[in-house]
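Engineer: Questions regarding the structure given below will be posed in turn.
Since every read-out is calculated from the coordinates, none of them should be taken as a lab result. Everything numeric in this text was worked out from a predicted model, so none of it was measured. All Cβ positions, even for glycine, are placed from backbone atoms using ideal geometry, and neighbour counts span all protein chains on display.
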Amino acid sequence: MLRKRAKLNRIDSTKHVVLQQLINKVKSARNAHTPKPPKDGWIRTIRQTLGMSGAQFAKRMGYTRNKVSILERKEASGDITINQLKELANGLDADFVYCVVPRKDPEQLIEDQARKKATEMTRKTHQNMYLESQHISNEAQEEQVRFLVDEIKRKGGKALWG
């Protein structure tokens, strides 16, 4: 029994370290400046900045002029694939940078979701207790919510997002 508990503690500890590393990586992305893309898209804008015609770029890429034109329009409208963008960027001797940036700090997102779940659970419990004339004070409810928030955050996964 003690070996099993020690093994579970190591697993929890490892999960916590990995989660903290992921949180730090996402937090660093939140500090990145993400410029607004040009109306015509980055590929056409960079190509034009370099003084390269569509035909010259097409030849460089081994594409037809029409294909380059279609891909530039697809980028501007948001219908291009990531792999196509990578290929076009490479053809312009440019790096393709891709980043999804959360609007809030990841720890705050987790806290908010856990609080939402905990409040929902407490409300249901309180409603049943009220119907049985056993309701609890607001302070006790808030204490229960705080306890559940910590428990839900610790469990994560389905407990948090399910």
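Engineer: Could you list, bin by bin from short to long, the percent of Cα-Cα pairs of the range 17-162 in 5 Å steps?
Structural biologist: 2, 8, 13, 13, 9, 8, 7, 8, 7, 7, 6, 5, 3, 2, 1, 1, 0
Engineer: Further question: At a threshold of 8 angstrom on Cα-Cα distance, excluding pairs fewer than six apart, so keeping six or more, what relative contact order does the range 49-121 reach in percent? Spell out each step's value before the answer.
Structural biologist: Working: 26 pairs, mean separation 12.5, N = 73.
Relative CO of the range 49-121 lands at 17 percent.
Engineer: Binned at 5 Å from 0, what are the whole-percent values of the Cα-Cα distance distribution for the range 102-162, short to long?
Structural biologist: 4, 19, 25, 21, 14, 10, 5, 2, 1
Engineer: Let me ask something additional. On C-alpha positions alone, give me the angle between the axis of helix 138-155 and the longest principal axis of the chain, in degrees, nearest 10.
Structural biologist: On a 0 to 90 degree scale, this one is about 50.
Engineer: With a cap of 13 neighbouring Cβ atoms within 10 Å, and only residues DSSP puts in a loop, list the trypsin sites (Lys or Arg not before Pro) found in the range 68-162.
Structural biologist: Working: sites: ARG73, LYS74, LYS86, ARG103, LYS104, ARG115, LYS116, LYS117, ARG123, LYS124, ARG146, LYS153, ARG154, LYS155, LYS158; in loops: ARG103, LYS104.
For trypsin sites (Lys or Arg not before Pro) across the range 68-162 that sit outside H, G, I, E and B with at most 13 neighbouring Cβ atoms in 10 Å, the list reads ARG103, LYS104.
Engineer: If you don't mind, another one. Tell me the mean residue ellipticity at 222 nm calculated for the chain from its helices only (DSSP H runs of n ≥ 4, each -39500 (n - 2.57), averaged over every residue, nearest 500). Mind showing how you got there, number by number?
Structural biologist: Numbers: 8 runs with 117 residues, N = 162.
Computed ellipticity for the chain at 222 nm equals -23500 deg cm²/dmol.
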